[in-house]
């Protein structure tokens with residue numbers, strides 16, 4: 001019960017007492033002791049004490065495989081849990097190997113359509129999602145969802161887990177309208193089964209915040225993130241990875257809003273939480289690599305290029321060790337580093353980065369993914385910087401075509417491409433440039449309002465071309481679909497709209513600032 005409530009320390013204390021009693025009893029029931037070690041391993045895993053978790057799982061496996069045999073059902077649970085540890089450590093090949101053992105054992109026993117098979121299949125799907133093997137992941141999620149719904153019912157908590165994970169996959173593919181109903185179902189199941197103060201509710205809120213951020217609804221995203229982080233702080237503690245993840249996401253919102261000091265604060269907060277000098281796997285923790293990449297973006301936005309390049313390089317080194325050199329996250333780092341090179345006039349270096357990034361993105365995601373549009377945008381920027389206006393316009397229009405199809409015409413990323421297109425067109429065709437700038441301004445107004453720096457800058461660009469700045473109404477008829485989208489998202493958390501006070505920032509390491517200095521070579 002305590003474990004289900006997320007009260008892991010209390011659960012750990014109870015399980016340890018059980019182990020102590022069995023170990024000191026006259027009978028010393030080895031099977032019962034192994035069962036409690038397995039449960040204790042789960043609690044250690046939930047608290048991110050992975051070395052302890054593996055040790056306990058190994059001890060449980062040694063005892064149960066000897067007592068019950070190598071093909072007993074109980075070993076399925078151990079294989080799955082060991083796989084979960086490896087998945088959390090980004091050791092995906094090892095995770096797949098453990099899951100394969102579990103699935104093989106279940107198939108041997110004719111349980112290929114039962115709940116346990118579906119649960120393991122969900123974990124397999126997660127691994128494929130994390131390694132950007134999206135088609136395989138989607139097939140696994142759909143099979144797992146079908147198995148769990150048929151065996152447990154459509155309102156079972158495990159269904160909520162699969163829906164949430166499946167939603168993450170669709171979000172990563174840029175299929176936001178498909179992800180939304182999955183999150184909606186997941187949130188409703190979690191609230192009915194547990195409560196709106198359970199950590200799983202916060203997980204779903206965080207994912208909804210991601211959707212709101214991706215669709216440009218930044219105020220709603222901050223509300224969702226803040227509430228999720230407060231729940232994580234209460235249930236998991238402020239030193240937990242989930243808490244750090246939300247800080248990183250809040251930083252992403254601030255970066256999009258041009259609030260770079262606030263963004264840097266959130267990224268550094270996330271890094272302090274995740275980095276642990278006593279945990280040997282932290283040095284290759286994918287989270288650190290991703291958080292550092294976001295921090296480098298802030299330095300780039302502030303035109304502090306030396307810092308940006310150093311931190312991008314650190315980020316790429318960590319991500320490569322975790323996921324390999326061909327992962328889509330590497331493509332993102334390369335694209336952003338190319339922007340530094342463009343600003344510095346290092347065009348050949350920028351071209352090399354963008355070619356590698358394009359190849360990775362096409363291989364991983366296909367030609368219609370939003371990230372292909374982002375890469376085309378940056379290629380257009382490079383062409384413009386080298387004076388090839390015709391090629392720049394061609395690439396930017398290709399970027400818009402991809403983004404219009406993958407996102408929608410009022411997405412902030414579309415505005416960025418339109419701004420670049422307007423800047424390129426300004427030197428040769430003021431009429432087309434004005435059209436591009438005005439289209440961009442409409443999106444910026446809708447997403448950010450008139451106080452955003454991009455609104456001011458684009459307005460100035462329109463005036464410099466002799467044009468008049470259009471006046472927009474808040475609710476434009478052509479945006480009705482997007483307003484409906486936001487209404488649905490906001491209704492999911494309307495009953496929890498009163499957010500809690502900001503939690504006091506704490507860190508896992510009292511010398512965290514020194515750790516940061518070491519992590520970023522004195523740059524942070």
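Taking square-rooted eigenvalues a ≥ b ≥ c of the alpha carbon gyration tensor, is region 156-226 rounded, prolate or oblate, where a/c under 1.5 means rounded and, failing that, a/b exceeding b/c means prolate? Here region 156-226 falls in the oblate category.
Rounded to the nearest 0.05, what FRET efficiency do residue 219 and residue 55 give with R0 = 51 Å and r taken as the Cβ-Cβ distance? Could you check? After rounding to 0.05, the efficiency reads 0.65. In the frame of its principal axes, region 279-341 has Cα extents of 33, 24, 13 Å, reported largest first.
Using per-residue counts of other Cβ atoms within 10 Å, averaged over each peptide, order 185-193, 375-383, 453-461 from highest down. Working shown, then result.
Details: 185-193: 19.3, 375-383: 24.0, 453-461: 17.6.
In decreasing order of mean packing, 185-193, 375-383, 453-461 become 375-383, 185-193, 453-461.
Take the Cα of residue 2, step 7 Å toward its Cβ, do the same at residue 397, and the gap between the two points is 6.7 nm.
Would you mind calculating the gained length between residue 66 and residue 175 on full extension (0.36 nm times residue separation, minus the Cα-Cα distance), in nm to one decimal? Numbers along the way, then the final one.
Details: separation 109, 0.36 × 109 = 39.24 nm, distance 4.79 nm.
Extending this stretch completely gives an extra 34.5 nm.
With helices as the sole contributors, the chain gives -24500 deg cm²/dmol at 222 nm; each DSSP H run of n ≥ 4 counts as -39500 (n - 2.57), and the sum is divided by every residue. In degrees between 0 and 90, to the nearest 10, how far off the longest principal axis of the chain does helix 389-406 point, with axes built from Cα atoms? Tilt relative to the chain: about 40 degrees.
Model label sites at residue 195 and residue 9, defined 7 Å from Cα along the beta-carbon direction, differ in position by 1.9 nm. Normalising the average separation of contacting C-alpha pairs (under 8 angstrom, six or more residues apart) by the number of residues puts the relative contact order of the chain at 10 percent. Taking a point 7 Å from the Cα of residue 25 along the Cα-to-Cβ direction, the residues of region 36-67 with backbone N closer than 18 Å to it are 36-40, 60, 63-64, 67. Each peptide among 261-272, 221-232 gets the average number of other Cβ atoms lying within 10 Å of its residues, and from highest to lowest they stand as 221-232, 261-272.
For the pair residue 241 and residue 301 in one chain, pulling the backbone fully straight at 0.36 nm per residue adds 19.0 nm over the alpha carbon distance. Taking the 0 to 90 degree range and rounding to the nearest ten, how far is the long axis of helix 453-464 tilted relative to the main principal axis of the chain, both from C-alpha atoms? Relative to the chain, helix 453-464 is tipped by roughly 20 degrees. Recomputing log10 I(q)/I(0) by the Debye sum over Cα atoms at q = 0.06, 0.11, 0.12 Å⁻¹ from the coordinates shown identifies the correct label among (i) -0.41, -0.90, -0.99; (ii) -0.32, -1.03, -1.21; (iii) -0.37, -1.12, -1.23 as (ii). Each label point was placed 7 Å from the Cα along the Cα-to-Cβ direction; for residue 388 and residue 368 their separation is 2.8 nm. Helix 412-425 and the longest principal axis of the C-alpha atoms of the chain enclose an angle of approximately 30°.
When you count the other C-beta atoms within 10 angstrom of each residue and take the mean per peptide, 303-316, 37-50 line up highest first as 37-50, 303-316.
Taking 0.36 nm per residue of separation and subtracting the current Cα-Cα distance, fully stretching the chain between residue 435 and residue 359 would add 24.1 nm. Pairwise Cα distances in region 302-403 exceed 20 Å for 38 percent of all pairs.
Every read-out reported here was derived from the displayed coordinates using simple, explicitly stated rules and does not represent laboratory data. Just so we're clear, the structure is a prediction, and the values are computed from it rather than from any experiment. Here the Cβ is made from the backbone with ideal geometry for all residues, glycine too, and neighbour counts use every protein chain on show.
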